[in-house]
Number of protein chains: 2
Amino acid sequence: MSQEDLIQLAHGGGGRLSRDLIASEILSRFGAGPLQGLPDAATLPASGKRVVFTTDSFVVQPLEFPGGNIGNLAVHGTVNDIAVCGGLPKWLSLSLIMEEGLPLSTLRRILDSVKVSAEECGVVIATGDTKVVAHGQCDGIYINTSCIGELLDGFDLGANRIVEGDMILVSGPLGDHGMAVMACRENINIENGPTSDTATVHRLVLAAQEVASKIHFMRDPTRGGIAAVLNEAVEGRNIGILLREQDIPFSAGARAVSEMLGIDLLHSASEGRVILIAAPDAAPAILKKWKALAEGQNAATIGTISGDHGRVVLHTVAGGRRLVDLPRGEMLPRIC
Amino acid sequence: MSQEDLIQLAHGGGGRLSRDLIASEILSRFGAGPLQGLPDAATLPASGKRVVFTTDSFVVQPLEFPGGNIGNLAVHGTVNDIAVCGGLPKWLSLSLIMEEGLPLSTLRRILDSVKVSAEECGVVIATGDTKVVAHGQCDGIYINTSCIGELLDGFDLGANRIVEGDMILVSGPLGDHGMAVMACRENINIENGPTSDTATVHRLVLAAQEVASKIHFMRDPTRGGIAAVLNEAVEGRNIGILLREQDIPFSAGARAVSEMLGIDLLHSASEGRVILIAAPDAAPAILKKWKALAEGQNAATIGTISGDHGRVVLHTVAGGRRLVDLPRGEMLPRIC
């Protein structure tokens with residue numbers, strides 16, 4: 001590849017090459033909205049609604065994996081944080097830290113994915129930033145996205161609202177993203193291997209809005225998987241979690257890779273799933289609504305809230321019981 | 001240093017070590033506000049005002065330099081983008097990408113600086129994220145901050161509002177941040193060397209609000225310096241810039257380092273200055289207000305808007321004229 005096909009240090013220096021890169025790669029894709037004229041900050045309309053605000057940096061490695069790349073992951077991951085807090089995602093920032101030598105062709109594929117997924121999520125790229133560091137000071141590209149959303153009517157979510165007897169729902173198979181990335185990284189090539197589930201969950205949240213007041217808690221089980229989410233939800237409280245292994249949806253591909261690597265699928269990240277905890281009388285309605293959506297067709301009720309002080313317990317298929325602990329964290333680095 | 005005094009990969013894995021780090025280093029400093037309970041996103045009050053939104057990633061090297069570090073730089077840089085767009089900064093996100101092996105003592109100094117400068121700017125850390133990458137995949141720490149502000153009444157800013165005859169003001173000496181970082185990086189130890197000007201400019205903007213309608217354009221001259229800002233402001237238009245070198249404030253330390261390194265100070269970044277372009281009858285009032293503030297005591301009028309199509313021209317002290325071009329960008333990498 002010739003020098004002109006690679007990111008150079010000067011692309012981040014604030015001079016002419018920076019301007020050219022932003023014009024050709026950013027404004028060409030995202031320049032119709034508030035980015036026009038490249039102000040230092042975007043001025044957005046007032047909505048009168050409560051604002052929901054989140055940020056996430058993405059360092060996934062490899063940059064491209066079965067089912068997605070760091071570009072659509074950076075849109076979905078951040079948009080989903082807004083959605084599971086009961087927000088409708090509206091405005092997204094896009095900040096790139098690129099390594100000198102990154103092929104422009106890779107950057108273009110990533111930005112194309114950002115564009116497609118932002119459109120699907122209904123968010124507008126409102127503001128951005130571009131930095132370049134020398135070879136060896138970053139691994140290809142790191143992306144930060146921050147998102148502003150508007151709070152949807154009816155939602156009042158929080159771990160403190162969970163009570164004994166509540167039901168636990170998931171919108172689809174768990175852990176595929178983590179296993180797809182790990183399979184790619186470890187060069188595991190199996191037939192029907194796992195594909196990342198990276199996707200927006202905002203339609204799942206909108207579908208559940210009708211019974212919003214009976215929904216007590218929502219999260220997307222990313223880093224640390226469902227084990228981390230559920231442990232955090234009940235830690236130090238007088239409630240616990242009872243999961244039924246036979247009811248938890250897993251894909252065959254994720255199962256195969258998790259067994260090869262010796263990783264508990266309950267610790268593996270999803271990037272397009274929702275865990276929802278609601279009053280038992282609301283659960284059937286949510287499940288029905290979810291199953292009517294393509295992204296929720298494998299939704300399931302996987303457990304209940306128990307009185308078991310702060311513990312997450314799994315009833316295994318074999319008939320036993322085991323404690324589901326927080327992962328320690330070192331087995332699945334750079335998964336998102 | 002022992003292993004426990006360094007950032008480890010598992011600090012970013014979403015498990016117990018991640019939680020412990022966030023509790024001990026983040027929540028201890030910033031946990032009183034919307035971060036409490038660590039929701040996926042922060043829910044903020046509705047203001048009814050128009051929202052101003054910006055993002056910036058910081059990769060400055062070295063992490064600590066005379067006058068500041070990457071922590072206060074990451075607050076000021078982003079807050080200042082809100083301010084120069086006529087916004088009052090309100091809510092800040094804080095996203096960290098850390099390299100395995102980063103000393104916890106360094107992280108603590110940086111976060112202490114974030115806390116102090118956020119308080120001085122009046123912004124609340126509303127949401128955040130922490131990632132860890134392996135040794136050699138980042139250079140110590142990279143920080144992204146995004147900021148939500150509220151549009152202040154009266155401002156209507158844009159390069160398209162600049163007209164011939166307008167006056168150009170700066171709030172203080174230019175280029176100190178860039179020269180302080182470069183002197184540090186190049187091991188230039190001179191007496192009274194430059195100190196970074198990293199600081200919030202929001203009080204300068206508030207001070208000018210009284211004549212807001214007569215202010216046509218504001219920017220903070222960061223990467224690329226005043227040369228980049230002014231060239232962008234007039235590029236392709238039927239106006240130009242005329243600068244008087246003798247009126248541009250520079251510190252003796254910045255001057256000395258710029259001469260040693262052969263870098264044009266007009267290309268060097270400031271991180272606590274404002275360039276303001278206003279109708280001539282408003283300029284004296286702004287200058288008076290600015291000079292009454294500690295951060296504006298060396299403010300000056302440095303030039304005017306000419307009819308010189310898209311060109312930035314400097315009248316030198318020696319009596320000559322030279323064109324001030326956009327920097328190419330490779331001379332001052334990783335300055336912010």
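For the criterion of being more than 7 Å from chain A (Cβ to nearest Cβ) and closer than 25 Å to A:Gly12 by Cα, B:Thr78 passes.
One residue stands out among those in the range A:129-156 that are more than 8 Å from every other protein chain (Cβ to nearest Cβ) and either within 18 Å of the chain's Cα centre (by Cα) or aliphatic (A, V, I, L, M) (or both): the one that is nearest to A:Pro284 (Cα to Cα), which is A:Leu152.
Whenever a residue of the range A:198-224 is away from chain B (no Cβ under 12 Å), its partners that are in a loop (DSSP other than H, G, I, E, B) and polar (S, T, N, Q), lying with C-beta atoms within less than 7 angstrom and at least six residues away or across chains, give the pairs A:Leu204/A:Ser171.
Looking for something among the small types (Gly, Ala, Ser) and within 20 Å of B:Gly68 (Cα to Cα) - is there at least one such residue anywhere in the range B:272-286? Within the range B:272-286 (the criterion being among the small types (Gly, Ala, Ser) and within 20 Å of B:Gly68 (Cα to Cα)), the answer is yes, since at least one residue qualifies.
For the range B:206-214, the criterion of being in contact with a Lys or Arg (Cβ under 9 Å, 6 or more places away or on another chain) and crowded, with 24+ Cβ neighbours inside 10 Å is met by at least one residue.
The set of residues in the range A:178-197 being on the phi > 0 side of the Ramachandran plot and touching a residue at least 60 places away in the same chain (Cβ under 8 Å) consists of A:Asn192 alone.
Check whether at least one residue in the range A:243-263 is among the polar types (S, T, N, Q) and within 22 Å of A:Arg328 (Cβ to Cβ), and report yes or no. So far as the range A:243-263 goes, yes, one or more of its residues are among the polar types (S, T, N, Q) and within 22 Å of A:Arg328 (Cβ to Cβ).
The number of residues in the range A:106-128 being outside any loop (DSSP other than H, G, I, E, B), farther than 16 Å from A:Ala23 by Cα and within 13 Å of another protein chain (Cβ to nearest Cβ) comes to 1.
The number of residues in the range B:133-155 being within 28 Å of B:Val211 (Cα to Cα) and in a loop (DSSP other than H, G, I, E, B) comes to 4. For A:Ser18, the conditions (1) in contact with a Gly (Cβ under 6 Å, 6 or more places away or on another chain); (2) more than 14 Å from A:Asp129 (Cα to Cα); (3) within 10 Å of another protein chain (Cβ to nearest Cβ) all hold with the exception of (2). Restricting attention to the range B:299-323, the residues that are under 25 Å from the mean Cα position of the chain (by Cα) and loosely packed, with under 15 Cβ neighbours inside 10 Å add up to 0.
Screening B:Gly175 on (1) at positive phi; (2) surrounded by fewer than 22 Cβ atoms within 10 Å (Cβ to Cβ); (3) not hydroxyl-bearing (Ser, Thr, Tyr) shows it passes everything except condition (2). Number of residues in the range A:157-183 that are more than 9 Å from chain B (Cβ to nearest Cβ), in contact with a helix residue (DSSP H, G or I) (Cβ under 9 Å, 6 or more places away or on another chain) and not small (Gly, Ala, Ser): the value is 12. Just a yes or no: is a residue in the range B:254-263 of a type outside the set (Ser, Thr, Tyr), farther than 14 Å from B:Val84 by Cβ, out of contact with any strand residue (DSSP E or B) (no Cβ under 9 Å at 6 or more places or on another chain) and within 13 Å of another protein chain (Cβ to nearest Cβ)? Yes, the conditions are met somewhere in the range B:254-263. With the condition kept exactly as written, say whether any residue in the range B:77-92 is surrounded by fewer than 24 Cβ atoms within 10 Å (Cβ to Cβ) and of a type in the set (Asp, Glu). There is no residue in the range B:77-92 that is surrounded by fewer than 24 Cβ atoms within 10 Å (Cβ to Cβ) and of a type in the set (Asp, Glu). Determine whether the range A:31-45 contains at least one residue that is of a type outside the set (A, V, I, L, M, F, W, C), modelled with pLDDT of 95 or more and not assigned by TED's automatic domain parsing to the domain that holds A:Ala208. Within the range A:31-45 (the criterion being of a type outside the set (A, V, I, L, M, F, W, C), modelled with pLDDT of 95 or more and not assigned by TED's automatic domain parsing to the domain that holds A:Ala208), the answer is no, since none of the residues qualifies. Annotation note: of B:Gly240, B:Gly225, B:Gly236, the sole residue that is touching a Lys or Arg at 6+ places or on another chain (Cβ under 7 Å) and assigned by TED's automatic domain parsing to the domain that holds B:Gly307 is B:Gly240. Checking each residue in the range A:53-66 for being surrounded by 20 or more Cβ atoms within 10 Å (Cβ to Cβ) and more than 9 Å from chain B (Cβ to nearest Cβ) picks out A:Val60, A:Leu63, A:Phe65. For the range B:29-52, check the following and say yes or no: at least one residue is polar (S, T, N, Q), under 30 Å from A:Phe217 (Cα atoms) and more than 8 Å from chain A (Cβ to nearest Cβ). Taking every residue of the range B:29-52 in turn, at least one turns out to be polar (S, T, N, Q), under 30 Å from A:Phe217 (Cα atoms) and more than 8 Å from chain A (Cβ to nearest Cβ).
The values are calculated or read from the model by the stated rules, or taken from the named source; none is laboratory data. Because the structure is a prediction, the values reported are computed rather than measured. Glycine gets a Cβ as well: all are built from the backbone with ideal geometry, and neighbour counts include every protein chain shown.
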